[in-house]
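Engineer: Take this structure first; my questions come after.
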Amino acid sequence: MTDDDLRARIRRADPAASWEPASPDEVARLLEKTMIDSTTPVVPKRRHYALAAAALVLVAAAGAGWFITQRGPDPVTVRLDAPGGFAAKCLEPSVERLAASADFAMEGTVQAVTDSTVTIDVTRVFHGADADRVEVAQAGETSEQLMGTGKFETGKDYLVASYDGTVMTCGYSGEATAPGLRGLYEQAFPRVTGGR
């Protein structure tokens, strides 16, 4: 995860991000009101125990909340369908078609392969929503249409694009080291300065 990715996550998690900033006049008014208001609440002595108990409960809740937030946010997972079978031959892949058709494109490392699902940890999102993990549904040997060895293998890096939630094949998805595939992604989804 890069610093830009971390900043983007923090911006998305900020509950006040959508608020309009207070005007200088409003800030001055609130500051003046705070300085003028000097009322001190009078608490009867018999309520001290109740307040102490309430404070203890709040401290315990804050500690539990802190502990829970230290685990970090739940990972964002994108689920894709397995590539479908093709009756006709594929056309040569093009930068224009990838850029125009892909609704999601990423690079990642396969962490697990089962009979029904391939789990990929995302290292870079080229296009589409931010994601930490991608799960690709498996249906038999349909992944044999991927560039490279033709199949997802644990520990290998892959470039994967999807159209309408289905993995694009025919030269658009495969091993990251497949000749020409990385260049295709770099041209279709150039990085924007200050972006992901």
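Engineer: Using 0.36 nm times the number of residues separating residue 191 and residue 12, minus their current alpha carbon distance, what extension gain do you get? Write out the running numbers ahead of the final one.
Structural biologist: Values: separation 179, 0.36 × 179 = 64.44 nm, distance 2.03 nm.
Working it through step by step, the gained length comes to 62.4 nm.
Engineer: Leaving out ligands and nucleic acids, note down the accessible area per residue over the stretch 88-141 with a 1.4 angstrom probe, in whole Å². If you can, show how the numbers build up before the last one.
Structural biologist: Numbers: 2810 Å² over 54 residues.
Here the per-residue accessible area is 52 Å².
The values are calculated or read from the model by the stated rules, or taken from the named source; none is laboratory data. What you are looking at is a predicted structure, and each value in this text was computed from that prediction instead of being measured. The accessibility values were calculated without ligands, DNA or RNA, using every heavy atom of the protein model including side chains. Shrake-Rupley method; radii C 1.70, N 1.55, O 1.52, S 1.80 Å.
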